[in-house]
Amino acid sequence: MIRSIAILLFAVAGIAGALFSQNVTIYGKLDKSYWGNTVTAYTYDDYLSYSLKKLGDANMDKIGTFTISFPADKTCLVLLRTGNAEAHLYAEPGKSYKVGILPKDSGAVETISNIIPVELTFFDADSADINYLLYLYTEKYDTFMAARVGNTMNESASLEIKIDTFEARIQRKFSQYKNDYLRDHITYSLASMQAVFKKDAFLYSRYLDKKPVLYGNEEYMGFLSSFFTATAASYAESERFLNLVNDVEQFDSLMAYFGRNKLLHNDTLRELAVMKFLFDKSTNPELKKNRIVNIMNQASARCKSSENRKIAANLSKKIGKLLAGYPAPAFALQDKNGTTVKLESLKGKYVYIAFWKANCTVCEEEMRMIPELKKKYGNKVAFVYISLDQDPSVMKDFLKKYPKFDWYFLSYTDQKTIMDDYNVLAIPYYILIHPTGNISQAPAPHPGLDLDKLLNDLIKKK
């Protein structure tokens, strides 16, 4: 995929000299609409699970500026989030960036879980900056693709020639920049174009055979995923695949099965192919999700590549997330007094989690049912209400109306990924966690008779 680079370059200076530091520093200025928010920098831990990895965070000062620094050993995509707004840039080791985060579009649709892309302004960018170069390339790529919209299959021969010509022209233009990330980004975005016309064996020979796996390059990983789909999707659609997942439940058996494909003889690529198809098929009701999680756990121990072992662990967490009997995502959040409460500290009792906001009328109405439940179940159930309000003071002000609400009220602002961790798409949203720390029900019943009956039955069994 070509990731649209939403940037505005205010100034382009001369080419900067090489730096030897491995730290990346981002100096930022927030639009006034974001003042009061924390800014957090993330990257993707891998490009199969797209699991987020936190790089650092910062509070803004009185004039809306912030600084975030983190170590980097290679070029990476950085996601800057403030509230539900997200801007991105590519960061190279040893470089610093001066950016401004622009306001959200006035027509942006605001929902609980919606991340809204916003633009960055770059100050003092040099003409060899990776963001500037990718911006130039993306403009040319988009222009070429826009001109091809509407081409029919009858024009495919001429389109193939045009793609070849475009590739040669692009390679000539950008070859002057000795930047490995740029080169690979261009090579594999063009490879995805070529894949429409070229045979699988040609694509494998030209782009994959005896070449390193570029785990940190999104274009490479996107091309690789498409290549697997083109060459091996029939394996994942077969009855044999169904049997190997649901009954055999062995990663090694799947590796042997996919090894029949002559383009998947490379162990590292085949491991990735098996994991990709397990992940893609994890929502198929014919496949037992707990079996897929178990196979991924095997892969996280048995893959020959350490990067593949990491990807398998990430995919296992993602597929098994909120699956009954599997560990609940950890959290450590502050209450209204600034005391940190960790989920692990509540082990030994059922934990009923509610996600809410102060302006949610239904949340407030259902909250009034908790005192009676708390009185009935005492220390056997911990009630934990996690506020999704951007400003923790909103939660504190809300609680002033209800001084007798004496259960856990926490703010999500210290761990905003908790919304992703618990798949929070709307509020109120409830989760029940078993005393072992594993998921019991997700979603769980709303406060009322159904929840009372569920808790009563579970505690009797215990």
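The values are calculated or read from the model by the stated rules, or taken from the named source; none is laboratory data. These figures come from a predicted structure and were not determined experimentally. Using ideal geometry, Cβ is built from the backbone for each residue, glycine included, and neighbour counts are taken over all protein chains shown. All accessible areas refer to the heavy atoms of the entire protein, side chains included, with ligands and DNA or RNA removed. Shrake-Rupley method; radii C 1.70, N 1.55, O 1.52, S 1.80 Å.
Hey, any idea what % of the stretch 298-352's accessible area is carbon plus sulfur with a 1.4 Å probe?
After summing per-atom areas, the C and S share lands at 47 percent.
Which Cα, out of Leu315, Tyr257, Leu269, lies furthest along the positive dipole direction of the stretch 249-397 (beta carbon charges, K/R +1, D/E -1)?
Going by the Cα projections, it comes out as Tyr257.
Please say if the chain is rounded, prolate or oblate, where rounded means a/c under 1.5 for a ≥ b ≥ c the square roots of the C-alpha gyration tensor eigenvalues, and otherwise the choice is prolate for a/b larger than b/c and oblate otherwise?
Because a/c hits 1.5 or more and a/b fails to exceed b/c, the chain counts as oblate.
With every protein chain left in place, what is the accessible area per residue of the stretch 331-462 in square angstrom, probe 1.4 Å? Working shown, then result.
Details: 6600 Å² over 132 residues.
Normalised by residue count, the accessible surface of the stretch 331-462 is 50 Å².
I want the antiparallel fraction of DSSP beta bridges within the chain, as a percent rounded to 5.
65 percent
Checking the table Lys98/Lys210; Lys262/Lys310; Lys104/Lys401; Lys32/Lys374; Lys276/Lys380 against a 31 Å threshold on Cα-Cα, which pairs fail?
Table pairs above 31 Å Cα-Cα are Lys98/Lys210; Lys104/Lys401; Lys32/Lys374; Lys276/Lys380.
Could you give the dipole magnitude of the stretch 47-161 about its Cα centre, charging the beta-carbon of Lys and Arg +1 and that of Asp and Glu -1, in debye to the nearest 20? Could you put the intermediate results ahead of the total?
Values: 10 positive and 15 negative charges, 68 e Å.
The dipole magnitude comes to about 320 debye.
Based on the alpha-carbon gyration tensor of the stretch 339-433 and its eigenvalue square roots a ≥ b ≥ c, which shape applies: rounded if a/c is under 1.5, prolate if not and a/b is larger than b/c, or oblate?
rounded
Assign unit charges at the C-beta atoms only (+1 for Lys and Arg, -1 for Asp and Glu), then state the dipole size of the chain relative to its Cα centre in Debye, rounded to the nearest 20. Please report the intermediate quantities before stating the final value.
Numbers: 59 positive and 52 negative charges, 226 e Å.
So the dipole magnitude of the chain works out to roughly 1080 debye.
Which residues' amide hydrogens lie under 5 Å from the amide hydrogen of Val341, considering only partners 5 or more residues apart or on another chain, with H built in the peptide plane?
Answer set, sorted by chain and number: Leu333, Gln334, Asp335.
Given the -39500 (n - 2.57) contribution per DSSP H run of 4+ residues, what per-residue ellipticity at 222 nm results for the chain, rounded to the nearest 500 deg cm²/dmol?
-11500 deg cm²/dmol
Which shape class applies to the stretch 382-454: rounded if a/c is under 1.5, otherwise prolate when a/b exceeds b/c and oblate if not, where a ≥ b ≥ c are the square roots of the Cα gyration tensor eigenvalues?
Taking the square roots of the gyration eigenvalues as a ≥ b ≥ c, the stretch 382-454 is oblate.
In degrees from 0 to 90, rounded to the nearest 10, what is the angle of the helix 449-461 Cα long axis to the longest principal axis of the chain?
With rounding to tens, the tilt is 90 degrees.
Might you tell me the accessible area per residue for the stretch 32-108, computed with a 1.4 Å probe and given in Å²?
Averaged over the residues of the stretch 32-108, the accessible area is 42 Å².
Would you please put 172-179, 194-201, 113-120 in order of how densely packed they are, using the mean number of other Cβ atoms within 10 angstrom per residue and starting with the highest? Working shown, then result.
On the way: 172-179: 12.1, 194-201: 14.0, 113-120: 15.5.
Result, highest mean Cβ count within 10 Å first: 113-120, 194-201, 172-179.
When only DSSP loop residues count, what trypsin sites (Lys or Arg not before Pro) in the stretch 26-95 have their Cβ near at most 11 other Cβ atoms within 10 Å?
When the trypsin sites (Lys or Arg not before Pro) of the stretch 26-95 are filtered for loop state and at most 11 Cβ neighbours within 10 Å, Lys62 remain.
Please give me, ordered by residue number, the GluC sites (Glu not before Pro) of the stretch 220-313 that lie in loop per DSSP and have at most 15 other Cβ atoms within 10 Å.
Taking the stretch 220-313 and a limit of 15 other Cβ atoms within 10 Å, the loop GluC sites (Glu not before Pro) found are Glu237, Glu286.
Can you work out ³J(HN,Hα) from phi for every residue in the stretch 184-190, in order, using Karplus 6.51 cos²θ - 1.76 cosθ + 1.60 and θ = phi - 60°, giving whole Hz and x for Gly and Pro?
Karplus-based 3J(HN,Hα) across the stretch 184-190 equals 5, 4, 5, 4, 8, 6, 6 Hz.
Distance from the Cα centre of the stretch 18-66 to that of the stretch 415-462, in angstrom?
Taking the Cα centre of the stretch 415-462 as reference, the centre of the stretch 18-66 is 32 Å away.
Got the relative contact order for the chain handy, in percent, Cα pairs under 8 Å and 6 or more residues apart? Before the final figure, lay out each step's value.
Working: 712 pairs, mean separation 55.9, N = 462.
12 percent.
Helix 289-302: angle to the longest alpha-carbon principal axis of the chain, degrees 0 to 90, nearest 10?
Once rounded, the angle reads 60 degrees.
How do 444-453, 338-347 rank on mean C-beta neighbours within 10 Å, highest first?
On the way: 444-453: 15.3, 338-347: 13.0.
Put in order of decreasing packing, that is 444-453, 338-347.
Subtract the Cα-Cα distance of Asp420 and Asn23 from 0.36 nm times their separation in residues, and report this length gain in nm to one decimal. Walk me through the intermediate numbers first.
On the way: separation 397, 0.36 × 397 = 142.92 nm, distance 2.80 nm.
Using 0.36 nm per residue and subtracting the Cα-Cα distance, I get 140.1 nm.
Please give the charge dipole size of the stretch 158-261, origin at the Cα centre, charges +1 on K and R Cβ atoms and -1 on D and E Cβ atoms. Round to the nearest 20 debye. Could you put the intermediate results ahead of the total?
Working: 13 positive and 14 negative charges, 157 e Å.
Rounded to the nearest 20 debye, it is 760 debye.
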